[in-house]
Amino acid sequence: MYSRLKSQIDSSSADYNKLVTDTNKLLREKFEANNNDIKNFIERKTEDMRYKILEERRKLDTIVEGRC
């Protein structure tokens with residue numbers, strides 16, 4: 001009786017540990033995917049802003065040249 005109960009507890013404990021490990025792995029993968037998405041978004045927005053700044057600088061240079 002004792003050995004059967006111990007076996008069931010050990011089995012349940014192993015199942016629980018596997019579930020926790022799998023859940024942690026899934027959360028880590030999703031976290032890394034989200035980090036990559038955020039990084040790509042920031043890089044894209046930064047590039048867009050650089051382009052806009054360069055365009056504004058060109059416009060200002062053209063206006064200054066026209067006044068001179």
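The distance between label points at GLU29 and MET49 comes to 3.4 nm (points 7 Å beyond Cα on the Cα→Cβ vector). Computed from backbone phi, the HN-Hα couplings of region 12-21 come to 5, 5, 5, 4, 5, 4, 5, 4, 5, 4 Hz, rounded to whole numbers (Karplus: 6.51 cos²θ - 1.76 cosθ + 1.60, θ = phi - 60°; Gly and Pro given as x). Taking a straight line from the alpha carbon of LYS39, these lysines sit under 17 Å away, with near neighbours fewer than eight places off in the same chain left out: LYS30. With R₀ set to 25 Å, the beta-carbon distance separating ASN17 from LYS39 gives a calculated FRET efficiency near 0.15.
Every read-out reported here was derived from the displayed coordinates using simple, explicitly stated rules and does not represent laboratory data. Remember, predicted model here, so these are calculated numbers, not experimental data. When we count neighbours, we look across all protein chains shown, and the Cβ atoms used for this are built from the backbone with ideal geometry, even at glycine.
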